[in-house]
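Engineer: Please find one structure pasted underneath; my questions will follow.
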Amino acid sequence: MATLYTAPTGNGRKPLILVRLLKEAPIKVHLFKWPTPEVKQEWYLKLNPNGLIPTFVDPSKEIELYESNNLLEYLAFTYDTERKFHYSLDESPQLHWQQNQWLFFQGTQYAAHTLAIAVIYTKKNPNDAFTREFTLKNFNSIFTTLETQLSKSESGWFIGDKFTIVDIAFLCDEHRRREVTRGTDWWIDVEAKYPRIEEWYQRALNFENVKQILEEPISS
């Protein structure tokens, strides 16, 4: 059987949410207690040489994949046969490529370029004013882009008329941002400054059992 190795972190929650929404998918979830030294052990490094989570393994198809947004796409295209949570190329080329675009934007501009800095520096060096201002400027630029996108949406979701893997990607990292920056000088009050994002966030949080998954214990 295919196995998803993951943990309750920003990136780890992305495929975890999708797998749980796809209730009939034949996928076993190996949920690490986080943090764990197991991801640096030889057996895991053979699956994911970066020693990070998540990782997806399907021996029957000789598939070993990592990178959270890549997993979202693979899981959606392989197991979401009813297309509840994604847009396929044959279904709607326009929405499919928008989906790809926003997944790239989320993975690079939001997660890697900005959120990662906030997660590290709020723990290691929260008084670094230069890095804090740089990070807050990036967040505000990203939020302005997202607010604009949501203002065009009649459904309230990022693309099309349904909750998709794009919403999952942004939701997980926005939830993580709130976890690590709330009550610090790195905080941005989205509700006050970006009302469409806040409305989308609350709606996504309460989609099916998503809130329950996101609120599982996480490392400090």
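The numbers here are math on the coordinates, done by the rules we state, and not lab data. From a predicted model like this one, the values you see are computed outputs, not experimental measurements. Note that we place each Cβ from the backbone using ideal geometry, even for glycine, and neighbour counts take in every protein chain shown.
Engineer: To the nearest whole percent, what portion of all C-alpha pairs in the chain is separated by more than 29 angstrom?
Structural biologist: 25 percent
Engineer: Let me ask something additional. Please report the relative contact order for the chain, taking Cα pairs under 8 Å with a sequence separation of at least 6, and give it as a percent rounded to a whole number.
Structural biologist: It comes to 23 percent, rounded to a whole number.
Engineer: Now, a different point. Could you compute the FRET efficiency for Glu154 and Glu198, with r as their C-beta to C-beta distance and R0 at 22 Å, rounded to 0.05?
Structural biologist: FRET efficiency, Glu154 to Glu198: 0.75.
Engineer: May I pose another question? Scale the Cα Rg of region 33-163 by the rule-of-thumb value 2.2 N^0.38 Å and send over the ratio, two decimals.
Structural biologist: 1.29
Engineer: Tell me the label-point distance for the pair Lys162, Ser60, using the 7 Å Cα-to-Cβ offset, in nm and rounded to one decimal.
Structural biologist: Here the answer is 2.3 nm between the modelled labels.
Engineer: Which value in nm describes the separation of the simple spin-label points at Ile213 and Thr36, placed 7 Å from the Cα toward the beta carbon?
Structural biologist: About 1.8 nm separates the two model spin labels.
Engineer: Regarding region 2-79, what are the three Cα extents along the principal axes, ordered largest first, in Å?
Structural biologist: So the three principal-axis extents are 31, 25, 19 Å.
Engineer: For the charge dipole of region 118-220, defined by +1 on Lys and Arg C-beta atoms and -1 on Asp and Glu C-beta atoms about the Cα centroid, which residue among Phe158, Thr181, Leu214 has the Cα displaced farthest towards the positive pole?
Structural biologist: Thr181
Engineer: Shifting gears a bit: Between Ser92 and Ala129, take the C-beta separation as r, use R0 = 35 Å, and let me know the FRET efficiency to the nearest 0.05. Please report the intermediate quantities before stating the final value.
Structural biologist: Details: r = 46 Å, r/R0 = 1.31.
That gives a FRET efficiency of 0.15.
Engineer: Working from the pairwise distances between different alpha carbons, so that the mean of 1/r is found and then inverted, what is region 93-211's Kirkwood radius in Å?
Structural biologist: The Cα-based Kirkwood calculation yields 14.8 Å.
Engineer: List the trypsin sites (Lys or Arg not before Pro) within region 109-185 that DSSP assigns to loop and that have no more than 12 neighbouring Cβ atoms inside 10 Å.
Structural biologist: Lys152, Arg182
Engineer: Charges at C-beta only: +1 for Lys and Arg, -1 for Asp and Glu. How large is the resulting dipole of the chain about its Cα centre, in Debye rounded to 20?
Structural biologist: Dipole about the Cα centre, nearest 20: 480 debye.
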